[in-house]
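Engineer: To start, I am sharing the structure in question, which I have written as structure tokens.
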Amino acid sequence: MKISFSVNGERADLDVEPRRTLADALRDDCGLTGTHLGCEHGVCGACTILIDGEPARACLMFAVQVDGASVSTVEGLQGTDGELHPVQEAFVACHGLQCGFCTPGMLMSACHLLDTKPDADRETIRAEMSGNICRCTGYQSIVDAVERAREGMCVPAVRDSNTAAPWGATFPEE
Amino acid sequence: MSEDTVMAEDSVGVDDTAAGAGSLGRNVRRKEDQRLITGHGRFVTDVELPRMRHVAFLRSPYGHARITGADTAAARDAGFRVFTGADFAHIELRAQSALPSYVETAQPVLAHQKVRFAGEAVAAVVAADRYRAEDGLELVEIDYEPLAPTVCAWEAPSEPVHVEAPDNVLLERTFDAGDVDDVLASAAVVVERELTTNRHAGNPMECRAGVAVWDAADGKLTFWNGTQVPHIARNMIAELMGLPEGRVRVIAPDVGGGFGVKSVLYPEDLALCLMAREMPGIPLKWVEDRAEHLLAATHARDHRYLMKAGFDAEGTLLAVDADVTCNVGAYSVYPWTAGIEPLMAGGLLSGPYKLENYRCTVRGVATNTAPSGPYRGVARPASVFAMETMFDAAAAQLGIDAIEIRRRNVITPADIPYKMPSRLVDDSGHYRECLDKALEALDYDGVRAEQRRRRESGESPIGIGVAIYNELTGLGRAASAGPRMPFRTGHDACTVRVNPDGRVTVLSGVTSQGQGLETTVAQIVADAVGVRYDDVDVRIGDTDESLWGFGAFSSRQAVIGGGAAHNTAVEVRKKIITLAAGLMEAAEADLRIEDGDVYVVGEPKPYITVAEVARVAYLESNRLPDGIDPGLDATTFYDPIRGAFAAGVQVAAVEIDRATGELRILSYVCVEDAGRAMHPQIVDGQIAGAIAQGLGGALYEHLVYDDAGNLSTGTLLDYLMPTSAEVPDMVIGHVSRPASNPLGVRGVGEGGTLGPNAVLAGALRDALGIDVDELPVSPDRVWKELQG
């Protein structure tokens, strides 16, 4: 099936089997290997991406389901000038990642959380981030990172999802 | 290095000022993070090669069955390449040990004749992509004749797993010291318990994966593998495939967690390599999914402890008599053997406690379950639970405070070096200090007061749990002798090169699955050579690049790989000084190197840069002083001979919901003597991550087989790993006593997992006055206990 969608602001035209998962289409057909697969049954959250601004498990969706949609992945977070998104910077600063395998999903979940609940307190962060499993950190540093990013994010991370580069190009003014 | 005790310091935030003034001890920005945070990590799954094809494995639906037939005609007719056990029947994995009682058994590459656990690979299909490969599996027919399965290691088998071991016992050993029987007979109190621990999986977020390609031109195999042990893997693969070691290259790129599960050479790994040799020039890729991982990657900690401990009236531990049975699963895990858990349990059961009379029989028993292997903490999360249960029981019986009885029995600095009854030598001894700090952080007296108040008011009860443990880390050749395998894992190598531009490249034998070894090794080398952290590049995980390293296990790399990096970098610094002295006509003793500049002592400005010295070394041999060869590099090995013990104490206050049986952790404290912390964030991250795994294992994680040998917890909806909603904020403190190795470090990767079983079981016991002899302490189990 032929599908077209926007991924990180760029148009993707694919011809996929109906059974092809969105995760495989992103990773193998679009070359966006930052989206990781940790369980392929929708529990671990490593493959979390945003579709039209809403978080979704790429492993539980077929590629054909995003025809016409706007997809954001971890690769779109970094600014075109190379500067890290505040959430990325906070994860580095707080040691919010060790092996880095769950990290792309964590980042996408954290961005969505801070966009929708910019005043999230620590308890809310723990509850909201519980859809993403990390086996390395013990979570404390991830919660620290999301709190730190919350302080640093003066502007929404998601802009109009139909415009180019919905992620990452906007940073707090220093 | 500060000798001060550091409690819960605020270490949040990368220390970007680190470059320059020495990087060790600072939270320098991790070298790994930029690629991992931007989605540009390089995991095996991400390897994409021309002509690549994909592999799917067919797995046994039976726990125990004879294979009576294999029909692959339909799959072959449909155009699939198919391999079955018969294709590789001449090769088997035989984990070896020279221990007298060890029964050597074989593990097939792909099962033939019979299957020994549900999920064992019996065939493989190669296709253009994974979807089609799985289509191909549907066309392969394997005929089975079911046999009686055994899933419990302490029940007699009706049909042995291996003919070589009719009783399923693959290994049995008795540790014996002093006079246990007489001392127990005269003890004031003897406590006795039967304790069982639940079956865990390490479950790294990245499952196993491999890409193998056979280069027919050179007769060379290249294998990208998410392994913790690339050099061991190369050694084993070369031996098993009859190849020269130099023609096997194993590459472990970014690896998404390991925790021991990836320190094993699996039959699937070997199958992939053997299939690649059959298909020259075609890269073969296998990416394990989670369902396969839960079925067929190694499990751990399925143990039973029959414990007897004698104390005098003052609570002094006099003797321990123990019988430990470990379920080692269907195969003696390669290359570590079925001894990995039982021998660790027997060697370290007495932990940080002084003990002279000790008898402990350990055995590894085969069953029709997935093989057990190394998992972070290896046996000690279970053995610490067993030992701490003895102290809690004795304290209750003798009317002594549970903390006080431990304080009376732990090894102290005055006892160091302390020879444990298993003859391991403890070199830390700072248990009391760790305990004091931990209790202070917990507000022990405050929690006790609250506990009394609640008992009177009838509110939800709270309890305090405690675990004291010693983590044997960085095992050198003497300490790694236990399992009597045909290799000793005491050493690692490191190469340090100053390049002609003055930047440094390190080819280290360490590997990393999240522990930040690229960063730590760069810190070590930068400081020892005298260059900036940012000017050091570390390359790891490729057997064609680094000379030798055993890899990541036994919390060994900071001590051993780090020691090798330090010693090698010191050699290189000496060479820079010698060459600079010759060029400057100065005395070597007057020169020092800092931030890539060479100074004459007392002079404020540098005389020459390391880059200028390096340029001479490689490009201007005409300027080389007499007697100095070109080049600026060194390679050395390091072996600490013994090990370094890391002391640790964990305490927690836990609230129990009588209505639901749920445990709520009110506060959790860990204080460790992890020696010198080279990167405090990484050290605390290791401890916090290990505790989280331990909490998951104590509360939720439990692999359950039914009587027919089917794994009934085959998804992450059944095998529950803790999330940010369950793992509490923890307080992590340090008593940093440098160990006697080049960097003063103690391993820190595993200790955190050792405490939670004992802490949560102890807290439950303390809160409700009930015995907790079976793990996990899941809400349903607690609730049942509460119903009486």
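The values are calculated or read from the model by the stated rules, or taken from the named source; none is laboratory data. Owing to the predicted nature of the structure, the values given are computational and were not obtained by experimental measurement. Quick reminder, even Gly has a Cβ in these numbers, built from the backbone with ideal geometry, and neighbours come from all protein chains shown.
Engineer: Just a yes or no: is a residue in the stretch B:525-542 buried (at least 24 other Cβ atoms within 10 Å of the Cβ) and within 23 Å of B:R642 (Cα to Cα)?
Structural biologist: So far as the stretch B:525-542 goes, no, none of its residues is buried (at least 24 other Cβ atoms within 10 Å of the Cβ) and within 23 Å of B:R642 (Cα to Cα).
Engineer: Let me ask another. Taking the condition of being within 14 Å of chain A (Cβ to nearest Cβ) and either of a type in the set (D, E) or surrounded by fewer than 24 Cβ atoms within 10 Å (Cβ to Cβ) (or both), how many residues in the stretch B:503-520 meet it?
Structural biologist: Keep residues of the stretch B:503-520 that are within 14 Å of chain A (Cβ to nearest Cβ), which gives B:511-520.
After this cut, where a residue has to be either of a type in the set (D, E) or surrounded by fewer than 24 Cβ atoms within 10 Å (Cβ to Cβ) (or both) as well, the list is B:518.
Summing the residues that are within 14 Å of chain A (Cβ to nearest Cβ) and either of a type in the set (D, E) or surrounded by fewer than 24 Cβ atoms within 10 Å (Cβ to Cβ) (or both) in the stretch B:503-520 gives 1.
Engineer: Restricting to the stretch A:37-67, and then to whatever is touching a residue at least 24 places away in the same chain (Cβ under 8 Å), part of a loop (DSSP other than H, G, I, E, B) and more than 7 Å from chain B (Cβ to nearest Cβ), can you tell me which residue is surrounded by the fewest Cβ atoms within 10 Å (Cβ to Cβ)?
Structural biologist: Looking at the filtered set, the residue picked out is A:D67.
Engineer: Could you please let me know if B:D590 is surrounded by fewer than 16 Cβ atoms within 10 Å (Cβ to Cβ), touching a strand residue (DSSP E or B) at 6+ places or on another chain (Cβ under 7 Å), more than 30 Å from B:M236 (Cα to Cα) and free of Cβ contacts under 8 Å to residues at least 40 places away in the same chain? Even if it seems obvious, please write down each step before you answer.
Structural biologist: Details: surrounded by fewer than 16 Cβ atoms within 10 Å (Cβ to Cβ): yes; touching a strand residue (DSSP E or B) at 6+ places or on another chain (Cβ under 7 Å): yes; more than 30 Å from B:M236 (Cα to Cα): yes; free of Cβ contacts under 8 Å to residues at least 40 places away in the same chain: yes.
Criteria met by B:D590.
Engineer: Which condition from (1) surrounded by fewer than 24 Cβ atoms within 10 Å (Cβ to Cβ); (2) in contact with a Cys (Cβ under 9 Å, 6 or more places away or on another chain) is the one that B:S724 breaks?
Structural biologist: Result: B:S724 fails condition (1) only.
Engineer: Show me the strands (runs of 3 or more DSSP E) entirely contained within the stretch B:149-257 in which 2 or more residues are within 14 Å of chain A (Cβ to nearest Cβ) and over 20 Å from B:I340 (Cβ atoms).
Structural biologist: Where strands (runs of 3 or more DSSP E) fall fully within the stretch B:149-257 and carry at least 2 residues being within 14 Å of chain A (Cβ to nearest Cβ) and over 20 Å from B:I340 (Cβ atoms), they are B:209-215.
Engineer: Scan the stretch B:648-657 and give yes if some residue there is under 30 Å from B:G490 (Cβ atoms), more than 14 Å from chain A (Cβ to nearest Cβ) and touching a residue at least 12 places away in the same chain (Cβ under 8 Å), otherwise no.
Structural biologist: In the first step, residues of the stretch B:648-657 are kept if they are under 30 Å from B:G490 (Cβ atoms); the result is B:648-650.
Next, only the ones that are more than 14 Å from chain A (Cβ to nearest Cβ) stay: B:648-649.
With the extra rule that they be touching a residue at least 12 places away in the same chain (Cβ under 8 Å), the set shrinks to B:648-649.
Checked against the condition, which is being under 30 Å from B:G490 (Cβ atoms), more than 14 Å from chain A (Cβ to nearest Cβ) and touching a residue at least 12 places away in the same chain (Cβ under 8 Å), the stretch B:648-657 yields at least one hit.
Engineer: So is B:V362 closer than 24 Å to B:T412 by Cβ, crowded, with 24+ Cβ neighbours inside 10 Å, modelled with pLDDT of 95 or more and β-branched (V, I, T) or not?
Structural biologist: On the way: closer than 24 Å to B:T412 by Cβ: no; crowded, with 24+ Cβ neighbours inside 10 Å: yes; modelled with pLDDT of 95 or more: yes; β-branched (V, I, T): yes.
Considered against the rule, which asks whether it is closer than 24 Å to B:T412 by Cβ, crowded, with 24+ Cβ neighbours inside 10 Å, modelled with pLDDT of 95 or more and β-branched (V, I, T), B:V362 comes out as no.
Engineer: Let me ask something else about it. In this structure, does B:K262 turn out to be in contact (Cβ under 8 Å) with a residue 60 or more places away in the chain, of a type in the set (D, E, K, R) and within 14 Å of another protein chain (Cβ to nearest Cβ)?
Structural biologist: On the way: in contact (Cβ under 8 Å) with a residue 60 or more places away in the chain: yes; of a type in the set (D, E, K, R): yes; within 14 Å of another protein chain (Cβ to nearest Cβ): yes.
Judged against the criteria, B:K262 is a match.
Engineer: From the list B:R380, B:R453, B:R406, which one is surrounded by fewer than 21 Cβ atoms within 10 Å (Cβ to Cβ), out of contact with any Cys (no Cβ under 9 Å at 6 or more places or on another chain) and of a type in the set (K, R)? Can you show your working first?
Structural biologist: Working: B:R380 fails: surrounded by fewer than 21 Cβ atoms within 10 Å (Cβ to Cβ); B:R406 fails: surrounded by fewer than 21 Cβ atoms within 10 Å (Cβ to Cβ).
B:R453 is the lone residue from the list that is surrounded by fewer than 21 Cβ atoms within 10 Å (Cβ to Cβ), out of contact with any Cys (no Cβ under 9 Å at 6 or more places or on another chain) and of a type in the set (K, R).
Engineer: Could you please let me know if B:D427 is closer than 25 Å to B:A739 by Cα and in contact (Cβ under 8 Å) with a residue 12 or more places away in the chain?
Structural biologist: Numbers: closer than 25 Å to B:A739 by Cα: yes; in contact (Cβ under 8 Å) with a residue 12 or more places away in the chain: yes.
Yes.
Engineer: If B:T196 satisfies all but one of (1) within 25 Å of the chain's Cα centre (by Cα); (2) buried (at least 24 other Cβ atoms within 10 Å of the Cβ); (3) among the hydroxyl-bearing types (S, T, Y), what's the number of the condition it fails?
Structural biologist: Tallying (1) within 25 Å of the chain's Cα centre (by Cα); (2) buried (at least 24 other Cβ atoms within 10 Å of the Cβ); (3) among the hydroxyl-bearing types (S, T, Y), B:T196 fails exactly one: (2).
Engineer: Here's a follow-up. Of all residues being more than 14 Å from chain A (Cβ to nearest Cβ) and in a loop (DSSP other than H, G, I, E, B) in the stretch B:287-323, which is surrounded by the most Cβ atoms within 10 Å (Cβ to Cβ)? Just the residue, please.
Structural biologist: So the first thing to find is which residues in the stretch B:287-323 are more than 14 Å from chain A (Cβ to nearest Cβ), and the list is B:296, B:298-323.
Within this subset, residues satisfying the condition of being in a loop (DSSP other than H, G, I, E, B) are B:298, B:301-302, B:312-316.
Details: B:T298: 25, B:R301: 30, B:D302: 27, B:D312: 14, B:A313: 10, B:E314: 11, B:G315: 22, B:T316: 15.
The residue in question is B:R301.
Engineer: Name the residues in the stretch A:68-107 that are assigned to a helix (DSSP H, G or I), of a type outside the set (D, E, K, R) and more than 7 Å from chain B (Cβ to nearest Cβ), would you?
Structural biologist: Step one: list which residues in the stretch A:68-107 are assigned to a helix (DSSP H, G or I), which gives A:74-76, A:86-93, A:103-107.
Imposing the further condition that a residue be of a type outside the set (D, E, K, R) reduces the set to A:74, A:76, A:86-88, A:90-93, A:103-107.
Answer for the stretch A:68-107, where residues must be assigned to a helix (DSSP H, G or I), of a type outside the set (D, E, K, R) and more than 7 Å from chain B (Cβ to nearest Cβ): A:G76, A:P86, A:V87, A:A90, A:G105, A:M106, A:L107.
Engineer: Please go through the stretch A:122-136 and give me each residue that is free of Cβ contacts under 8 Å to residues at least 24 places away in the same chain, surrounded by fewer than 22 Cβ atoms within 10 Å (Cβ to Cβ) and over 10 Å from A:S109 (Cα atoms), ordered by number.
Structural biologist: A:E123, A:T124, A:A127
Engineer: Next question, about the same structure. Among B:A70, B:A56, which is the only one that is at pLDDT 95 or above, over 20 Å from B:G329 (Cα atoms), in a strand (DSSP E or B) and within 14 Å of chain A (Cβ to nearest Cβ)?
Structural biologist: Working: B:A70 fails: within 14 Å of chain A (Cβ to nearest Cβ).
Within the list B:A70, B:A56, the selection yields B:A56.
Engineer: Suppose we keep only residues that are part of a loop (DSSP other than H, G, I, E, B) and free of Cβ contacts under 8 Å to residues at least 60 places away in the same chain within the stretch B:86-140. Which one would you say is surrounded by the fewest Cβ atoms within 10 Å (Cβ to Cβ)?
Structural biologist: At the first step, the residues of the stretch B:86-140 found to be part of a loop (DSSP other than H, G, I, E, B) are B:89-91, B:94-106, B:109-113, B:116-120, B:128-129, B:138-140.
Now narrow it down to the ones that are free of Cβ contacts under 8 Å to residues at least 60 places away in the same chain: B:89-90, B:100, B:106, B:111-113, B:138.
Working: B:A89: 13, B:H90: 7, B:P100: 9, B:A106: 14, B:A111: 24, B:H112: 18, B:Q113: 11, B:E138: 12.
Checked the stretch B:86-140; the qualifying residue surrounded by the fewest Cβ atoms within 10 Å (Cβ to Cβ) is B:H90.
Engineer: Restricted to the stretch B:693-711, and to residues that are closer than 14 Å to B:H299 by Cα and more than 21 Å from the chain's Cα centre (by Cα), which residue is farthest from the other protein chains (Cβ to nearest Cβ)?
Structural biologist: Per the criteria, the residue is B:Y705.
Engineer: Residue under question is B:T636, and the condition is that it be in contact with a Cys (Cβ under 8 Å, 6 or more places away or on another chain) and touching a residue at least 60 places away in the same chain (Cβ under 8 Å); does it hold?
Structural biologist: Details: in contact with a Cys (Cβ under 8 Å, 6 or more places away or on another chain): yes; touching a residue at least 60 places away in the same chain (Cβ under 8 Å): yes.
Yes, satisfied.
Engineer: A further question follows. Could you grab me the full set of residues in the stretch B:116-127 that are touching a Lys or Arg at 6+ places or on another chain (Cβ under 6 Å) and at negative phi? Steps first, answer last, please.
Structural biologist: At the first step, the residues of the stretch B:116-127 found to be touching a Lys or Arg at 6+ places or on another chain (Cβ under 6 Å) are B:119, B:121, B:126.
Passing the criteria: B:A121, B:V126.
Engineer: For the stretch A:11-24, how many residues are closer than 19 Å to A:E75 by Cβ and surrounded by 12 or more Cβ atoms within 10 Å (Cβ to Cβ)?
Structural biologist: Applying the first criterion (closer than 19 Å to A:E75 by Cβ) to the stretch A:11-24 yields A:11-14, A:21-24.
With the extra rule that they be surrounded by 12 or more Cβ atoms within 10 Å (Cβ to Cβ), the set shrinks to A:12, A:14, A:21-24.
Number of matching residues: 6.
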